[in-house]
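The values are calculated or read from the model by the stated rules, or taken from the named source; none is laboratory data. If you're wondering where the values come from, they're calculated on a predicted model, not measured in any experiment. Here the Cβ is made from the backbone with ideal geometry for all residues, glycine too, and neighbour counts use every protein chain on show.
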């Protein structure tokens with residue numbers, strides 16, 4: 001019969017403490033504790049239960065919020081890294097500074113090697129390249145052997161370029177103005193098929209024969225300023241049919257458009273000439289046009305008489 005009364009003396013305390021049932025209970029508790037320390041079965045069982053009921057429990061509480069923030073931060077970081085890698089790939093494949101500027105957002109930048117900058121620089125017309133940096137100054141920087149990489153940063157519609165050494169110290173800072181980038185953008189419009197597709201040539205389109213006859217009337221040094229890259233046209237297959245002269249001057253230069261037919265294909269190639277020289281050529285063409293009209297008019301009057 002169970003004794004529900006409290007122990008009356010020390011002997012009763014010991015009898016109850018070291019009896020069979022208390023000892024078995026303590027042994028059972030000890031075994032459970034040892035097994036838990038050895039196999040972590042309580043945590044495993046509890047974890048399995050929580051996993052099995054996870055979908056049914058609401059996503060609320062500090063732990064859930066912390067997990068969501070961590071997940072969102074990880075996704076954002078992955079997106080940033082992916083975007084940066086995409087920008088780097090686009091920049092490495094760029095053939096003009098305008099393509100680099102088009103793929104870089106305001107306040108962002110992209111890193112290229114010094115050799116890549118030199119390649120892009122050397123692809124520019126000489127007159128445009130000097131707008132960015134003198135070739136002699138660039139040669140001096142390259143000759144010192146410290147220039148390792150180039151950082152492009154989008155700023156105010158243009159590009160800021162930093163020539164860096166191996167420790168990312170700035171050797172020279174350059175500015176590529178928005179109007180120079182606008183010229184690069186115009187150069188890439190050569191996919192159009194006719195001069196009429198480009199509004200800045202409106203009413204200033206001349207037959208190729210007339211244009212080149214006028215060009216022959218000027219000295220060689222002036223022609224170099226009117227048409228700085230004749231080799232580019234010589235390397236383009238096909239027959240030049242018409243030439244357009246823009247009335248918009250960009251950074252001291254005016255564009256010339258050459259409409260070329262090659263078999264069944266037609267395209268326009270853009271070349272940039274010095275503003276002062278192109279205006280002389282255009283003035284000469286217009287004067288010849290006016291004088292031709294004056295010469296024809298008396299013949300028409302005589303016929304009518």
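Going by what's in this entry, would residue 171 be described as out of contact with any helix residue (DSSP H, G or I) (no Cβ under 7 Å at 6 or more places or on another chain), farther than 25 Å from residue 271 by Cα and at pLDDT 90 or above?
Working: out of contact with any helix residue (DSSP H, G or I) (no Cβ under 7 Å at 6 or more places or on another chain): no; farther than 25 Å from residue 271 by Cα: yes; at pLDDT 90 or above: yes.
No: the conditions fail for residue 171.
State all residues of segment 117-158 that are more than 28 Å from residue 254 (Cα to Cα), outside any loop (DSSP other than H, G, I, E, B) and touching a residue at least 24 places away in the same chain (Cβ under 8 Å); if no residue qualifies, say none.
141, 142, 149, 150, 151
Looking only at segment 201-223, count how many residues are buried (at least 16 other Cβ atoms within 10 Å of the Cβ) and at pLDDT below 90.
Matching residues across segment 201-223 total 2.
Taking the conditions exactly as written (touching a residue at least 40 places away in the same chain (Cβ under 8 Å) and out of contact with any strand residue (DSSP E or B) (no Cβ under 9 Å at 6 or more places or on another chain)), does residue 266 satisfy them or not?
Values: touching a residue at least 40 places away in the same chain (Cβ under 8 Å): yes; out of contact with any strand residue (DSSP E or B) (no Cβ under 9 Å at 6 or more places or on another chain): no.
When the stated conditions are applied, residue 266 does not pass them.
For residues that are loosely packed, with under 10 Cβ neighbours inside 10 Å and not in a helix (DSSP H, G or I), scanning just segment 12-56, find the one that is modelled with the highest pLDDT.
53
Return a yes/no flag: does segment 184-196 have any residue that is over 21 Å from residue 267 (Cβ atoms) and modelled with pLDDT of 85 or more. Quick ask: steps written out before the conclusion?
So in segment 184-196, the residues over 21 Å from residue 267 (Cβ atoms) come out as none.
No, there is no match, as no residue in segment 184-196 is over 21 Å from residue 267 (Cβ atoms) and modelled with pLDDT of 85 or more.
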